[in-house]
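**Q** Sending over a structure as structure tokens; questions will come in a sec.
The values are calculated or read from the model by the stated rules, or taken from the named source; none is laboratory data. Computed from a prediction, not measured in an experiment: that's the story for all the values here. A quick note on method: Cβ atoms are made from the backbone with ideal geometry, for glycine too, and the neighbour counts reach across all protein chains shown. Protein only, heavy atoms only, side chains kept; ligands, DNA and RNA dropped before computing areas. Shrake-Rupley method; radii C 1.70, N 1.55, O 1.52, S 1.80 Å.
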Amino acid sequence: MAGALAGCAGEMSILDPAGPAASAQFWVWWAMLGVSIVVALVLFTLWLYTFRRREQPKRTPREEQRIMLRWVIGGGVLLPVVSIVALLLFAAPTGRGMLPLPLPVGEAELIEVVGHQWWWEVRYPGENGEGDVVTANRLVMPAGEPVDFRLTSADVIHAFWIPRLGGKRDMVPGRYTTIRLEADEPGVFGAQCAEFCGAQHTGMLLHVEAMERDDYDAWLAERRVPPEPIGDEGDAVRAFGEHCAACHTVAGFPEALIVDDVTHDIVGPDLTDIGSRPTLGAGVLPMEEGAIAYWLQHHQTLKPGNRMPPHNHVDTETLQEIGAWLEAMDP
Ligand code: HEC
Ligand SMILES: [Cu+2]
């Protein structure tokens, strides 16, 4: 009981809904629990009933067969069909509510989320739909209005799930799926990949922040400003170009400094606004001063098997310089 009750609250509890889709799912959940309890009680009563002591009535084989048939048709066909149809009628509007159907007025905000082993890429349309704003492992959304999440994957199947807002929905490579969710109030919600996707599936967390519309617009506007070109002086910049830029984008980074002599098919999270992220490694390490340098030295211990290669060949001082430079990346 204690173990089960521990799931009733917290930032990832479906029993603590924070939006219309999640509330609808919450009631489907209770209805299913209620119906299963009734079914269990009826079955239990019938089972006890079979122990009743009584005279065996004399029946002809024909009568026996008729009674048997009645149980098979009634209990084996009618009862399940009726209960499942009832449940379906109750639950269908819930699923429909998460479809990206046209709204009476305006359009839902569109945010694209791409699953990677084992992190989240989040893209917002740029101004006039031009040029995306790209970030990772942190999803910012407006509260009090519907948001359409356009989902896909860069490698294997992942699933997008913000338990307190509703879901979930598979992210399938080579294909787009969309789910509409809404947060009633501004707040912070936990999210987690919900489809086993390899060694670090559990280490694939997403920090979701719902904000007032104005704050959201301001947040996005800051990131829509075209990046200042980064000067090619500085040890950190050169070291980043040499060791990191093959996998990681930083907007405005000088092209000439990017050394890409490795043949790999790995991309890493966009680091343009890394200093403003609350965590590193998709939720495995809280962001604080020195956290990036620590991540660079220990990420294979913090998140074993993750797809960023170890950097043992780079000296600690250089990693610390890169770390400090990246931590200042906050638009
Ligand atoms: C071969 C590609 C590759 C190279 C080279 C690489 N990384 Fe990464 N990096 C990744 C991948 C993949 C991840 C995602 C790991 C995860 O969370 O599963 C990552 C994650 C990170 C993160 C965490 C980002 C976040 O939002 O949580 C930081 C910071 C980072 N890398 C910095 C660096 C720096 C600095 C260097 C150079 C010293 C570097 N990386 C070199 C692939 C690479
Ligand atoms: Cu997963």
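**Q** Being of a type in the set (Gly, Ala, Ser), more than 7 Å from ligand 1 (Cβ to nearest atom) and within 23 Å of the chain's Cα centre (by Cα) is the filter here, so list the residues in the stretch 262-302 that pass it.
**A** Within the stretch 262-302, Gly275, Ser276, Gly283 qualify.
**Q** Something else: Which condition number does Gly174 fail, the rest of (1) within 16 Å of ligand 1 (Cβ to nearest atom); (2) over 17 Å from the mean Cα position of the chain (by Cα); (3) more than 29 Å from Asp330 (Cβ to Cβ) being met?
**A** With (1) within 16 Å of ligand 1 (Cβ to nearest atom); (2) over 17 Å from the mean Cα position of the chain (by Cα); (3) more than 29 Å from Asp330 (Cβ to Cβ) applied to Gly174, the lone miss is (1).
**Q** Among Gly106, Gly75, which is assigned by TED's automatic domain parsing to the domain that holds Ser23 and without any contact (Cβ under 8 Å) to a residue 24 or more places away in the chain?
**A** Sole residue among the options that is assigned by TED's automatic domain parsing to the domain that holds Ser23 and without any contact (Cβ under 8 Å) to a residue 24 or more places away in the chain: Gly106.
**Q** Among the residues of the stretch 151-170, how many are of a type outside the set (D, E, K, R), out of contact with any Lys or Arg (no Cβ under 7 Å at 6 or more places or on another chain) and under 21 Å from Arg96 (Cβ atoms)?
**A** Number of matching residues: 5.
**Q** Considering only the stretch 177-189, I want to know if a residue exists there that is open to solvent by 10 Å² or more (accessible area, probe 1.4 Å), in a loop (DSSP other than H, G, I, E, B) and hydroxyl-bearing (Ser, Thr, Tyr).
**A** no
**Q** If you scan the stretch 237-253, which residues turn out to be surrounded by fewer than 18 Cβ atoms within 10 Å (Cβ to Cβ) and not β-branched (Val, Ile, Thr)?
**A** Arg238, Glu242, Ala246, Cys247, Gly252
**Q** Let me ask something else. Step by step: first the residues of the stretch 254-276, then only those that are crowded, with 19+ Cβ neighbours inside 10 Å and touching a Leu at 6+ places or on another chain (Cβ under 9 Å), then the one that is nearest to Val208 (Cα to Cα). Which residue is that?
**A** It comes out as Ile274.
**Q** Follow-up question, since we're still on this one. Name every residue in the stretch 159-215 that is within 10 Å of ligand 2 (Cβ to nearest atom) and charged (D, E, K, R), in order of residue number.
**A** Within the stretch 159-215, just Glu195 meets the criteria.
**Q** Within the stretch 98-146, track down each residue that is acidic (Asp, Glu) and outside any loop (DSSP other than H, G, I, E, B).
**A** If the condition is that a residue be acidic (Asp, Glu) and outside any loop (DSSP other than H, G, I, E, B), then Glu109, Glu112, Glu121, Glu127 are the ones that fit.
**Q** Quick check on the stretch 201-214: of everything there that is touching a residue at least 24 places away in the same chain (Cβ under 8 Å) and part of a helix (DSSP H, G or I), which residue is least open to solvent (accessible area, probe 1.4 Å)?
**A** First pass over the stretch 201-214, keeping only residues touching a residue at least 24 places away in the same chain (Cβ under 8 Å): 201, 203-213.
Within this subset, residues satisfying the condition of being part of a helix (DSSP H, G or I) are 201, 203, 213.
Details: His201: 31, Gly203: 5, Arg213: 78 Å².
Looking at the filtered set, the residue picked out is Gly203.
**Q** I'm told Val237 meets every condition in (1) assigned to a loop (DSSP other than H, G, I, E, B); (2) more than 30 Å from Ala143 (Cα to Cα); (3) touching a Gly at 6+ places or on another chain (Cβ under 8 Å) except one. Can you identify the failing condition by its number?
**A** Val237 satisfies all of (1) assigned to a loop (DSSP other than H, G, I, E, B); (2) more than 30 Å from Ala143 (Cα to Cα); (3) touching a Gly at 6+ places or on another chain (Cβ under 8 Å) except (1).
**Q** Pull up the stretch 303-322, narrow it to residues that are near ligand 1 (Cβ under 9 Å from one of its atoms) and in a helix (DSSP H, G or I), then point me to the one that is surrounded by the most Cβ atoms within 10 Å (Cβ to Cβ). Walk me through it before giving the result.
**A** Start the filter on the stretch 303-322 by keeping residues that are near ligand 1 (Cβ under 9 Å from one of its atoms), which leaves 303, 305-309, 311, 314, 318-319, 322.
Now restrict to residues that are in a helix (DSSP H, G or I): 318-319, 322.
On the way: Thr318: 19, Leu319: 20, Ile322: 24.
Among those that are near ligand 1 (Cβ under 9 Å from one of its atoms) and in a helix (DSSP H, G or I), it is Ile322.
**Q** Give me the residue from the stretch 97-119 that is aliphatic (A, V, I, L, M) and surrounded by fewer than 14 Cβ atoms within 10 Å (Cβ to Cβ) and, out of that set, nearest to the chain's Cα centre (by Cα).
**A** Checking each candidate, the answer is Leu99.
**Q** Would it be correct to say that Ile162 is assigned by TED's automatic domain parsing to the domain that holds Met12, at pLDDT 95 or above and surrounded by fewer than 20 Cβ atoms within 10 Å (Cβ to Cβ)?
**A** For Ile162, the condition - assigned by TED's automatic domain parsing to the domain that holds Met12, at pLDDT 95 or above and surrounded by fewer than 20 Cβ atoms within 10 Å (Cβ to Cβ) - is not met.
**Q** Looking at (1) open to solvent by 50 Å² or more (accessible area, probe 1.4 Å); (2) in contact with a helix residue (DSSP H, G or I) (Cβ under 6 Å, 6 or more places away or on another chain), which is the one condition that is false for Thr94?
**A** With respect to (1) open to solvent by 50 Å² or more (accessible area, probe 1.4 Å); (2) in contact with a helix residue (DSSP H, G or I) (Cβ under 6 Å, 6 or more places away or on another chain), Thr94 is out only on (1).
**Q** Considering only the stretch 165-176, state which residues are open to solvent by less than 20 Å² (accessible area, probe 1.4 Å) and in a strand (DSSP E or B).
**A** Hits for the stretch 165-176 are Gly166, Gly167, Met171.
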